[in-house]
Amino acid sequence: MDETEMVQYAKEGDLDAFNRLVLEYQDLAFNVAYRLMGDPAAAEDITQDAFISAYRKINSFKGGSFKAWLMRIVTNAGYDELRKLKRRPTVALEPVTNEDEEIESPVWLTDPGETPEHTIEREELNSAIQNCLNDLDFEFKTIVILVDVQGMNYSEVAQAVSKPLGTVKSRLARARIKMQDCLRGFGELLPSSFRLESEGLNR
């Protein structure tokens, strides 16, 4: 069953088909929400709410990129949550325990093949990127995350943020300049092959 068929079956009330769509996009949805919020707990809530909303609104999907349609729901949920908080997201990248103590090396950020030194360097770079993302206005941050972090194409992102293609490209260019300026302050963390202009923010 391809994606178009899964969407159609989901529209007809097939929960199994919708669950297959969830499995296909849950990592992407969480990663976008995580970068928007900088907080894993908030990202989990937003991802869950987004999929519930997508299931309820599935009949409003009129075709095109389901991924872009879903990312619009995720980013809207993130924006609503940030408005509710009435502050910029400044939560530390590292999660905390139930006792409110920071977890220095959470298991889901650890690569079994990494040396401890590489793990520390990667986490520091990850934190630096998140800090710079948090300094962007929401509409710029969203486009950087979707294009440079998640690798979505311009057309998908334009659909996801409901903006013309030219607006997406313009905002991305301005956001990349701001990110580049910010990341210069963390120059010692960046590998020599790291080039924001040509490679985006993927590592």
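Annotation note: Cβ proximity below 6 Å between a residue of segment 32-46 that is in the same structural domain as Ala77 (by TED's automatic domain parsing) and small (Gly, Ala, Ser) and a residue that is outside any helix (DSSP H, G or I) and modelled with pLDDT under 95 (sequence gap 6+ or interchain) occurs for Gly38/Pro89; Gly38/Val91. State whether the residues of segment 63-76 include one that is under 20 Å from Val168 (Cα atoms), at pLDDT 95 or above and small (Gly, Ala, Ser). Within segment 63-76 (the criterion being under 20 Å from Val168 (Cα atoms), at pLDDT 95 or above and small (Gly, Ala, Ser)), the answer is yes, since at least one residue qualifies. Touching a helix residue (DSSP H, G or I) at 6+ places or on another chain (Cβ under 8 Å), more than 22 Å from Asp148 (Cα to Cα), part of a helix (DSSP H, G or I) and not acidic (Asp, Glu) - does that describe any residue in segment 25-39? No, segment 25-39 contains no residue that is touching a helix residue (DSSP H, G or I) at 6+ places or on another chain (Cβ under 8 Å), more than 22 Å from Asp148 (Cα to Cα), part of a helix (DSSP H, G or I) and not acidic (Asp, Glu). The residues of segment 163-177 that are closer than 22 Å to Asn134 by Cα and not in a helix (DSSP H, G or I) amount to a single one, Lys163. Looking at segment 170-192, which of its residues are among the aliphatic types (A, V, I, L, M) and at pLDDT below 80? Answer for segment 170-192, where residues must be among the aliphatic types (A, V, I, L, M) and at pLDDT below 80: Leu189, Leu190.
The values are calculated or read from the model by the stated rules, or taken from the named source; none is laboratory data. Here the structure is a predicted model, which means the values were calculated and not measured. No Cβ is skipped: glycine too gets one built from the backbone with ideal geometry, and neighbour counts run over all protein chains shown.
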